[in-house]
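> First the structure, then my questions, so here it is.
Bear in mind these aren't lab numbers, they're just calculated from the coordinates by the rules spelled out. Because the structure is a prediction, the values reported are computed rather than measured. Here the Cβ positions follow ideal geometry from the backbone for every residue, glycine too, while neighbour counts run over all protein chains shown.
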Amino acid sequence: MRTVVVEAELRPSEDKGKVLLAISNFLDYDQLEEEKGGISGTLIAGATSLSAVTKLHNALRKQRILDAARKHMIKGRKENGLFFMLHKQAAAVGKVSFVDSESESPCGPLKFYIFHGDPLAVIDWLAPRTSRGVPIREYPMP
């Protein structure tokens, strides 16, 4: 079973390598599929461990956007995990930029699905609460 899945639409005008770079900047995937459909396709990258998003974990701290990240992740929390979207073009240059709707990312967003029995523990690990931008407490990977 895959713990982390990232989906990205691959449009005809896009370079597949750049889309893969956008994904791999924040996910160390061990599985990759390409689905063809109409004039565009979808890249689906997956991993079986939460450690696959360690790059995202580190980037959130480096960019000092833990509060914004937490807000987006809490909004996307489900019973069996969480969902959030990142701006694909920003991700391609190593920047984390959350989007609320697909239209905010002109080439389509990176859609992150993280499956876990305790989604709040995942959120606490990725984006803990802060005081003046500094994590109040760092949590271990669940």
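> Add +1 for every Lys or Arg and -1 for every Asp or Glu among the other residues with Cβ under 10 Å from the Cβ of residue 142, and state the total.
Net local charge, residue 142 excluded: -2.
> Normalised by the number of residues in the chain, what is the relative contact order in percent for Cα pairs under 8 Å and 6+ residues apart?
Values: 279 pairs, mean separation 39.6, N = 142.
Taking the mean separation of contacting Cα pairs over the length of the chain, I get 28 percent.
> Taking the 0 to 90 degree range and rounding to the nearest ten, how far is the long axis of helix 66-75 tilted relative to the main principal axis of the chain, both from C-alpha atoms?
So the helix axis and the longest Cα principal axis differ by about 70 degrees.
> Here is a follow-up. In deg cm²/dmol, rounded to 500, what helix-only [θ] at 222 nm does the chain give when every DSSP H run of at least 4 residues adds -39500 (n - 2.57) and the total is split over its residues? Numbers along the way, then the final one.
Values: 5 runs with 41 residues, N = 142.
Helix-only estimate at 222 nm: -8000 deg cm²/dmol.
> Which three numbers, in whole Å and largest first, are the semi-axes of the equivalent ellipsoid of segment 74-114 derived from its Cα gyration tensor as √(5λ)? If you can, show how the numbers build up before the last one.
Working: eigenvalues 77, 22, 11 Å².
The three semi-axes for segment 74-114 are 20, 10, 7 Å.
> Next question. What is the ratio of the Cα radius of gyration of the chain to 2.2 N^0.38 Å, where N is its residue count, to two decimals? Before the final figure, lay out each step's value.
Details: Rg = 14.6 Å, N = 142, 2.2 N^0.38 = 14.5 Å.
Cα-based Rg divided by the globular estimate yields 1.01.
> Then there is this: Give the lysines whose C-alpha is closer than 17 Å to that of residue 71, dropping any in the same chain fewer than 8 places away, or say none.
Qualifying lysines at Cα under 17 Å: 111.
> With each pseudo-label sitting 7 Å past Cα toward Cβ, what's the residue 49-residue 134 distance in nm, one decimal?
Each label point is offset 7 Å from its Cα along the Cβ direction, giving 3.1 nm.
> Distance check, please: which entries in 16/78; 55/88; 18/78 exceed 23 angstrom between their Cα atoms? Numbers along the way, then the final one.
Working: 16/78 30 Å; 55/88 16 Å; 18/78 30 Å.
With Cα atoms farther than 23 Å apart: 16/78; 18/78.
> For residue 40, put the label point 7 Å out on the Cα→Cβ axis and report which residues of segment 68-107 keep their amide N under 19 Å from it.
84-93, 97-107
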